[in-house]
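Beneath this line is the structure, given in structure tokens, with notes to follow.
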Amino acid sequence: MSGTIADLLADAPAVRACREALGEAPGVWIVGGAVRDAALGREVVDVDLAVASDESGAAREIARVAGGPRFQLSEEFATWRTLDRDRA
């Protein structure tokens, strides 16, 4: 796999689903393993997002686009997980 970190992230289906769901919403950043994998030239298969506000709404929209469920992982840390229809 070759390309820039930005290219590898942009080509990942999970990132495309997030972008389709959230558009260019401010206060949303790709973090964690997806960035590491792209930097190492690996395929990006999932994505972690840091969201400045309305994390529940972001998860709802991503789940709508991805066609899978969403569920809260931690109320204390306001973390959610969404799955695509193939992983549900």
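Derivation of every value follows stated rules applied to the coordinates shown; laboratory data play no part. Because the structure is a prediction, the values reported are computed rather than measured. No Cβ is skipped: glycine too gets one built from the backbone with ideal geometry, and neighbour counts run over all protein chains shown.
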Phi-derived 3J(HN,Hα) across region 22-33 with the Karplus relation (6.51, -1.76, 1.60, θ = phi - 60°), rounded Hz, x for Gly and Pro, is 10, x, 9, 4, x, x, 10, 10, 7, 9, x, x
Take the Cα radius of gyration of the chain and divide it by 2.2 N^0.38 Å, with N its residue count; two decimals is plenty.
-> 1.05
Using R₀ = 25 Å, calculate the FRET efficiency as 1/(1 + (r/R₀)^6) where r is the Cβ-Cβ separation of residue 56 and residue 20; round to 0.05.
-> 0.85
Residue 39 versus residue 81, label points 7 Å from Cα toward the beta carbon: distance in nm?
-> 2.5
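Compute, for the chain, the length of the dipole vector about the Cα centre, with Cβ point charges of +1 (Lys, Arg) and -1 (Asp, Glu) only. Units Debye, rounded to 20.
On the way: 10 positive and 15 negative charges, 38 e Å.
Charge dipole, the chain, about its Cα centre: 180 debye, nearest 20.
For region 37-88, what relative contact order do you get, as a whole percent, if you take Cα pairs closer than 8 Å and at least 6 residues apart?
On the way: 53 pairs, mean separation 14.3, N = 52.
Here the relative contact order equals 28 percent.
Name the chymotrypsin sites (Phe, Trp or Tyr not before Pro) in the chain that are in a loop by DSSP and that have at most 16 other C-beta atoms within 10 Å, would you? Intermediate results must be reported in sequence, preceding the final value.
Values: sites: 29, 71, 77, 80; in loops: 77.
Passing both the DSSP loop test and the Cβ count: 77.
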